[in-house]
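Below is one structure; the comments refer to it alone.
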Amino acid sequence: MQIAQNSVVAFHYTLTNDAGEVLDSSEGREPLTYLHGAGNIIPGLEKQLEGRAAGDKLQAQVAPEEGYGEVQAQLVQEVPRDAFQGVDNVEPGMQFQAQTQGGPLMVTVTQVDGDTVTVDGNHPLAGQSLNFDVEIAEVREASEEEVEHGHVHGEGGHEH
(Lines give C-alpha, C1' and ligand atoms only; values in the text may rest on other atoms or scores of the structure.)
Protein backbone atom coordinates (compact mmCIF):
# COMPACT_ATOMS: atom_id res chain seq x y z
CA MET A 1 0.00 0.00 0.00
CA GLN A 2 1.28 3.44 -0.89
CA ILE A 3 1.17 6.42 1.45
CA ALA A 4 -1.79 8.65 0.57
CA GLN A 5 -4.45 10.79 2.26
CA ASN A 6 -5.78 9.00 5.39
CA SER A 7 -3.05 6.37 5.50
CA VAL A 8 -1.61 5.45 8.88
CA VAL A 9 2.16 5.50 8.50
CA ALA A 10 4.83 4.23 10.89
CA PHE A 11 8.42 5.21 10.15
CA HIS A 12 11.85 5.29 11.73
CA TYR A 13 13.90 8.43 11.30
CA THR A 14 17.06 10.28 12.18
CA LEU A 15 16.90 14.06 11.98
CA THR A 16 20.09 16.07 11.49
CA ASN A 17 20.86 19.71 10.85
CA ASP A 18 23.12 20.96 8.05
CA ALA A 19 26.17 20.55 10.32
CA GLY A 20 25.34 16.82 10.59
CA GLU A 21 24.40 16.99 14.29
CA VAL A 22 21.68 14.50 15.27
CA LEU A 23 18.71 16.50 16.57
CA ASP A 24 16.27 13.63 17.07
CA SER A 25 15.94 9.95 16.25
CA SER A 26 13.57 7.04 16.72
CA GLU A 27 16.55 4.67 17.12
CA GLY A 28 15.93 2.28 19.99
CA ARG A 29 12.26 3.30 20.15
CA GLU A 30 9.03 2.46 18.39
CA PRO A 31 8.59 4.08 14.98
CA LEU A 32 6.78 7.41 14.77
CA THR A 33 3.17 6.79 13.72
CA TYR A 34 0.96 9.47 12.15
CA LEU A 35 -2.17 9.98 10.04
CA HIS A 36 -1.11 11.16 6.58
CA GLY A 37 -2.81 14.35 5.42
CA ALA A 38 -3.98 15.43 8.88
CA GLY A 39 -1.12 17.87 9.55
CA ASN A 40 0.40 15.63 12.23
CA ILE A 41 3.99 16.06 10.94
CA ILE A 42 5.79 18.94 9.22
CA PRO A 43 4.48 19.60 5.69
CA GLY A 44 7.81 19.22 3.90
CA LEU A 45 8.37 15.70 5.24
CA GLU A 46 4.76 14.66 4.69
CA LYS A 47 4.95 15.71 1.02
CA GLN A 48 8.10 13.63 0.48
CA LEU A 49 6.52 10.53 2.06
CA GLU A 50 3.49 10.67 -0.28
CA GLY A 51 3.44 7.66 -2.61
CA ARG A 52 6.06 5.68 -0.66
CA ALA A 53 5.49 2.18 0.75
CA ALA A 54 6.60 0.01 3.68
CA GLY A 55 10.27 -0.89 3.34
CA ASP A 56 11.16 2.28 1.42
CA LYS A 57 14.18 4.25 2.61
CA LEU A 58 14.74 7.86 1.68
CA GLN A 59 16.63 10.99 2.57
CA ALA A 60 14.40 14.03 2.80
CA GLN A 61 15.70 17.59 2.94
CA VAL A 62 13.14 20.05 4.30
CA ALA A 63 13.59 23.82 3.93
CA PRO A 64 12.57 26.04 6.87
CA GLU A 65 9.36 27.24 5.17
CA GLU A 66 8.23 23.59 4.86
CA GLY A 67 9.45 22.71 8.37
CA TYR A 68 9.12 24.89 11.45
CA GLY A 69 9.09 28.16 9.53
CA GLU A 70 11.49 31.05 9.32
CA VAL A 71 12.58 32.87 12.46
CA GLN A 72 10.01 35.57 13.25
CA ALA A 73 11.75 38.55 14.87
CA GLN A 74 8.52 39.69 16.55
CA LEU A 75 8.52 36.48 18.64
CA VAL A 76 11.77 37.55 20.33
CA GLN A 77 10.93 39.97 23.12
CA GLU A 78 12.41 41.54 26.21
CA VAL A 79 10.18 41.22 29.26
CA PRO A 80 10.62 42.38 32.85
CA ARG A 81 12.08 39.86 35.29
CA ASP A 82 9.02 40.25 37.54
CA ALA A 83 6.87 38.66 34.79
CA PHE A 84 8.26 35.34 36.08
CA GLN A 85 6.50 35.37 39.44
CA GLY A 86 7.19 32.32 41.56
CA VAL A 87 10.43 31.49 39.73
CA ASP A 88 13.47 32.30 41.83
CA ASN A 89 16.19 31.77 39.26
CA VAL A 90 15.42 32.48 35.57
CA GLU A 91 18.18 31.12 33.31
CA PRO A 92 18.78 30.79 29.55
CA GLY A 93 17.33 27.56 28.18
CA MET A 94 14.33 27.54 30.54
CA GLN A 95 10.95 27.25 28.83
CA PHE A 96 7.66 28.79 29.90
CA GLN A 97 4.16 28.96 28.52
CA ALA A 98 3.24 32.58 27.85
CA GLN A 99 -0.33 33.79 27.47
CA THR A 100 -0.62 35.87 24.28
CA GLN A 101 -3.48 37.47 22.35
CA GLY A 102 -3.28 34.50 19.99
CA GLY A 103 -3.42 31.98 22.84
CA PRO A 104 -0.72 30.09 24.75
CA LEU A 105 2.83 30.15 23.33
CA MET A 106 5.90 28.24 24.48
CA VAL A 107 8.86 30.60 24.92
CA THR A 108 12.51 29.89 25.64
CA VAL A 109 14.64 32.21 27.75
CA THR A 110 17.65 33.21 25.64
CA GLN A 111 19.24 35.89 27.83
CA VAL A 112 18.96 37.35 31.33
CA ASP A 113 20.41 40.83 31.86
CA GLY A 114 19.60 42.23 35.29
CA ASP A 115 15.86 42.85 35.45
CA THR A 116 15.37 42.17 31.73
CA VAL A 117 14.72 38.69 30.32
CA THR A 118 14.83 37.97 26.57
CA VAL A 119 12.44 35.24 25.45
CA ASP A 120 12.01 33.60 22.06
CA GLY A 121 8.65 32.19 20.97
CA ASN A 122 10.02 30.65 17.76
CA HIS A 123 10.21 26.87 17.53
CA PRO A 124 13.79 25.81 18.42
CA LEU A 125 14.20 24.48 14.85
CA ALA A 126 12.74 27.57 13.11
CA GLY A 127 15.00 28.88 10.36
CA GLN A 128 16.87 25.58 10.03
CA SER A 129 17.01 23.18 7.12
CA LEU A 130 16.10 19.70 8.34
CA ASN A 131 17.59 16.48 7.00
CA PHE A 132 15.71 13.24 7.60
CA ASP A 133 16.92 9.70 7.00
CA VAL A 134 13.67 7.73 6.89
CA GLU A 135 12.70 4.05 6.73
CA ILE A 136 9.00 3.36 6.37
CA ALA A 137 7.99 0.47 8.62
CA GLU A 138 4.26 0.17 7.96
CA VAL A 139 1.45 1.69 5.91
CA ARG A 140 -2.22 0.87 6.45
CA GLU A 141 -5.61 2.40 5.81
CA ALA A 142 -6.91 4.53 8.69
CA SER A 143 -10.11 3.57 10.47
CA GLU A 144 -13.16 5.82 10.19
CA GLU A 145 -12.63 6.86 13.81
CA GLU A 146 -8.98 7.79 13.18
CA VAL A 147 -9.95 9.93 10.17
CA GLU A 148 -12.77 11.56 12.15
CA HIS A 149 -10.46 12.34 15.10
CA GLY A 150 -7.51 13.39 12.91
CA HIS A 151 -4.94 11.12 14.60
CA VAL A 152 -3.89 7.50 14.97
CA HIS A 153 -5.40 5.28 17.66
CA GLY A 154 -3.98 2.14 19.23
CA GLU A 155 -0.39 0.92 18.77
CA GLY A 156 1.91 3.94 18.38
CA GLY A 157 -1.03 6.34 18.48
CA HIS A 158 -3.54 7.92 20.83
CA GLU A 159 -5.60 6.02 23.40
CA HIS A 160 -9.05 7.38 24.31
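Can you pull the one-decimal nm distance between simple spin-label points at residue 54 and residue 25, each 7 Å off the Cα toward Cβ?
Calculated label separation equals 2.5 nm.
For every other residue with a beta carbon closer than 12 angstrom to the beta carbon of residue 129, add +1 if it is Lys or Arg and -1 if Asp or Glu, then tell me the sum.
Once positives and negatives cancel, what remains is -4.
Search the structure for amide H atoms under 5 Å from the amide H of residue 152, placed 1.01 Å from N in the peptide plane, and list their residues when 5 or more places away or on another chain.
For residue 152, the qualifying residues are 35, 158.
Full-extension gain between residue 77 and residue 98, please, as 0.36 nm times their residue separation minus the C-alpha to C-alpha distance.
Additional length available on full extension: 6.4 nm.
Ordering 129, 7 from largest to smallest accessible area (1.4 angstrom probe), what's the sequence?
So the residues, ranked largest to smallest area, are 129, 7.
Please compute the net charge surrounding residue 42, taking Lys and Arg as +1 and Asp and Glu as -1 over other residues with Cβ under 13 Å from its Cβ.
Summing Lys and Arg as +1 and Asp and Glu as -1 gives -3.
Please report, as a whole percent, how much of the solvent-accessible surface of the chain comes from carbon and sulfur atoms (probe radius 1.4 Å).
45 percent
What is the calculated FRET efficiency for residue 61 to residue 40, with r their C-beta to C-beta distance and R₀ = 25 Å, to the nearest 0.05?
After rounding, the FRET efficiency stands at 0.80.
With all protein chains present, calculate the accessible area of residue 106 using a 1.4 Å probe and round the result to the nearest 10 Å².
100 Å²
Express the accessible area of the chain per residue in Å², computed with a 1.4 Å probe while the remaining protein chains stay in the model.
61 Å²
Over region 73-120, calculate the relative contact order: mean separation of alpha carbon pairs under 8 Å at least 6 apart, over the residue count, as a percent.
Once divided by the residue count of region 73-120, the mean separation gives 44 percent.
In whole angstrom, note down how far apart the Cα centers of region 15-38 and region 53-91 are.
If you average the Cα positions of each part, the centres end up 16 Å apart.
Give the label of the value calculated from the structure for Cα extents along the principal axes in Å, choosing from [x] 59, 31, 19; [y] 58, 38, 28; [z] 63, 28, 18.
[y]
Need one value: the accessible area of residue 24 in square angstrom, 1.4 angstrom probe, rounded to the nearest 10.
60 Å²
The values are calculated or read from the model by the stated rules, or taken from the named source; none is laboratory data. Note that this is a predicted model, so its numbers are computed, not measured. Note that each Cβ is placed from the backbone with ideal geometry, even for glycine, and that neighbours are counted across all protein chains shown. Just so you know, the surface numbers come from the protein's heavy atoms only, side chains and all, with ligands and any DNA or RNA stripped out. Shrake-Rupley method; radii C 1.70, N 1.55, O 1.52, S 1.80 Å.
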